[in-house]
Structure formats: structure tokens, C-alpha cells
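The values are calculated or read from the model by the stated rules, or taken from the named source; none is laboratory data. What you see is a predicted model; the values in this text were computed from it and never measured. Using ideal geometry, Cβ is built from the backbone for each residue, glycine included, and neighbour counts are taken over all protein chains shown. Keep in mind that these areas ignore ligands, DNA and RNA; they rest on the heavy atoms of the full protein, side chains included. Shrake-Rupley method; radii C 1.70, N 1.55, O 1.52, S 1.80 Å.
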Amino acid sequence: MDDLKNKIKSLKEEAFSDLNRVDQLSQLKELDRLRIKYMGRKGAIQSIMKGLKSVDPKDRPLIGRLVNSFKSEFGAKYEEKREELRQRAEQERLGKEWIDVTLPGVRQRSGKIHIIQQTLDEISSIFKGLGFSVADGPEIESDYYNFDALNIPKDHPARDMWDTFYIDDQTDRTVLRTHTSPVQIRTMERRQPPVRIIVPGRVYRNEAIDASHHAVFYQVEGLYVDNNVTFRDLKGVLSYFSRQMFGDNLLVRFRPSFFPFTEPSAEVDISCVMCSGKGCAVCKYTGWVEILGCGMVDPAVYRYVNYDPEIYSGYAFGLGVERIAMLRYQINDIRLFLDNDVRFLEQF
Ligand code: DAH
């Protein structure tokens, strides 16, 4: 009996010193091994329990208590060790993986409407406010609409005003439209006056590309045909537009020019937005920058769409969207619009 008591006592001492030696993170497995060694089905405690049969019955309760307290103390110590190791593992992880909460966050880039589309929208909304509606037409166009019906006959030198991409080399009959003006013809063919439209759209020129010329760009065409439309209406609308776009203090000037489809024709200059007319590189020291072409629709054009020029009159205009955006935002290279460099695009 004393033998057994001593055996339990020394087993306990051994078990606890075993547990106490487990203090390395890597020893989680060892901890488990000890649990099995002492508490497992074939463990030390079990084997003592087996021997209980040969113990004098009156001593059994004492031995039972000793074994039970061994079990519960061992269990508690084991749990404590496990928790200690778990916490240490956590500490170690936190020590390695630290976060500087004072660091600024990573900014997310948000998508934006392209600056040309923004400018198109703005131009459209000014003209919509004046009663214009939006029309469109094909970018691949017949030379009839792009030229003939706009009073630019075949082999006429006026065609040289537009460097043209031809789609069919054989006949030269199909082109990438060089301007939005063909939509004037397409619209008048279908509708009777009053016609009051704008045509925002892409156009193409077979041109050497540099800082101020591109082969692909945008125009907004305008057309108003009705009874008694005069050059005064044209001046009023385009002056209003220019001031809405560039500011109230702007000067607007109509300079005589030539287009085959308008007579008389004019180009509109505004006082230079960079130097307010004092003279700078952008306005080539003239104080003025050109923003659009316009004029009264030539009666020759009405013949192509069966409008009676004795009854109707009208004006038309065409402006370059890139040019307007460049002046407005002080952009010095037209190629930037198509480069799709986000460092450029995200500024607008
Ligand atoms: N279509 C011309 C061009 O691309 C611009 C233009 C000038 C349009 C006068 C018009 C106009 O409607 O009346 O150069």
C-alpha cells in the first residue's frame, strides 16, 4: 500500500517535471505525447488503476482519491501549458506581422468620363437649352453626302480642303467622313423645316499627326433652317455659346471666310483665353483664337434636299471639340486625348 502511494507520488513528480520541461513552441507534440503517456488508455494512470484490484479494499478509497487528484491536477497543468504555448505562438506571430496604423491608405482610382465626352456633353447641353436636338449619321460615308451634296463637286479644288481617307481605292466613292456636315444633308432629306439640330461625332482626316493635328477627332455640327433665319440669329447663338463655354468677358469676332456649303461664310474667333487678348504663343500674338466655321446655308445645298430657297433660309456651323477642350483646359498637345494615359485623363 505504501508502495503504491509512493509510486503515485513519484509518478506525479515525474509527470509534473515532464510538463514543466515543455516550454518551447515546437513542443506542442511533446505535450500531447505526455498526455498520452500519463492519461492515455495504456498510460501510467490506467496501469495503476488496473493494479487497484490487488489493493486491500479498505485502502482503495485513499488510493482512488490520490489517483483522481493526480488526474485532475495533471489535466489542469496540461491545459495551462497548452494555453501558455498558444499565447506564446500568438505573441510571436504578432511580433513578426506588424501593421503601422498611421500609414496613409492606398487611394483607389475611380473611373471617369473622358474629357472629350465631358466637353461634348457640355456643348450639347448649351445648344439643347436653345432648342437644338441631337442627330447623328454614319462615320463611313458616301462621297455624295460628304462632298457632292454639300456643293463640293467631284474634281473641284475645294475637295482639297479635306484630306480624305478613301475606303474603296477603285471608285473613291466611300470615305471616312471628313466632317459632320453630311448629317446636315441626311437630316434635311428626311425632314421639312423647321430643322434645328446639332451633330456631335467623330471625323477622320488623312493628315500628318502633330501636336495640333490628329487623323481622328470630334466635331459638333449645327444646322438651323426655318423661315426668315438670318445671319443675325447665327451671330446671336454663337456669341451666346462662346460666352457660356469660355466666360462672360469674352470677345467674339466673325471673320469672313469660305466654305462651299455656306454663303456668306465666316470663322469665329474668341479673344485668347490664355492671355485675354494681350498676345501669347497660343494665339500667335494676335490676341485671337479660332474656334469654329459657320455661315448661311448656300442655296445650292437646298437643291440637293428639295428645300425651296425662296421660302427657307438657315445657318450652319461646325466646331472642333478637341480645340475647344485644349483652350478651355490649357492642353498643348491634341495627341493626349487619344493616348489614354491615366495620368492625363484623371486630371479632368
Ligand atoms: N465642315 C467644316 C469643316 O470640317 C466646318 C464647317 C464650316 C461646318 C462651316 C459648317 C459650316 O456647318 O457652316 O471644316
Checklist entry - Can we say Asp163 is open to solvent by 50 Å² or more (accessible area, probe 1.4 Å), within 13 Å of the ligand (Cβ to nearest atom) and either in contact with a Gly (Cβ under 8 Å, 6 or more places away or on another chain) or not hydrophobic (A, V, I, L, M, F, W, C) (or both)? => result yes
Next on the checklist: Can you say whether Glu322 is within 11 Å of the ligand (Cβ to nearest atom) and over 22 Å from Arg191 (Cβ atoms), as far as the supplied structure shows?
Outcome noted: no
Item to check | Checking Lys278 against (1) open to solvent by 20 Å² or more (accessible area, probe 1.4 Å); (2) in a strand (DSSP E or B), the condition it does not meet | outcome: (2)
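Go through the range 11-31 residue by residue and tally those that are part of a helix (DSSP H, G or I) and open to solvent by less than 60 Å² (accessible area, probe 1.4 Å). Before you say what the answer is, go through the steps one by one.
Here is the first cut: in the range 11-31, the residues part of a helix (DSSP H, G or I) are 11-21, 25-31.
Now narrow it down to the ones that are open to solvent by less than 60 Å² (accessible area, probe 1.4 Å): 11-12, 15-19, 25, 27, 30-31.
Qualifying residue count for the region: 11.
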Checklist entry - Which members of the range 212-243 meet the condition of being touching a residue at least 40 places away in the same chain (Cβ under 8 Å) and among the hydroxyl-bearing types (Ser, Thr, Tyr)? => result Ser212, Tyr218, Tyr224, Thr230, Tyr240, Ser242
Checklist entry - Assuming Phe254 fulfils every condition listed in (1) in a loop (DSSP other than H, G, I, E, B); (2) open to solvent by 10 Å² or more (accessible area, probe 1.4 Å) apart from one, which condition is it? => result (1)
Checklist entry - If you check every pair at least six apart or on different chains, which have Cβ atoms under 6 Å apart with a residue in the range 148-160 that is in the same structural domain as Tyr302 (by TED's automatic domain parsing) and within 14 Å of the ligand (Cβ to nearest atom) first and a residue that is modelled with pLDDT of 90 or more and among the charged types (D, E, K, R) second? => result Asn151/Asp298
Checklist entry - Somewhere in the range 286-306, is a residue closer than 23 Å to Val268 by Cβ, more than 16 Å from the ligand (Cβ to nearest atom), of a type outside the set (A, V, I, L, M, F, W, C) and open to solvent by less than 70 Å² (accessible area, probe 1.4 Å)? => result yes
Checklist entry - Does the range 257-275 hold any residues that are crowded, with 18+ Cβ neighbours inside 10 Å and either part of a helix (DSSP H, G or I) or under 35 Å from the mean Cα position of the chain (by Cα) (or both), and which are they? => result Val268, Asp269, Ile270, Ser271, Cys272, Val273
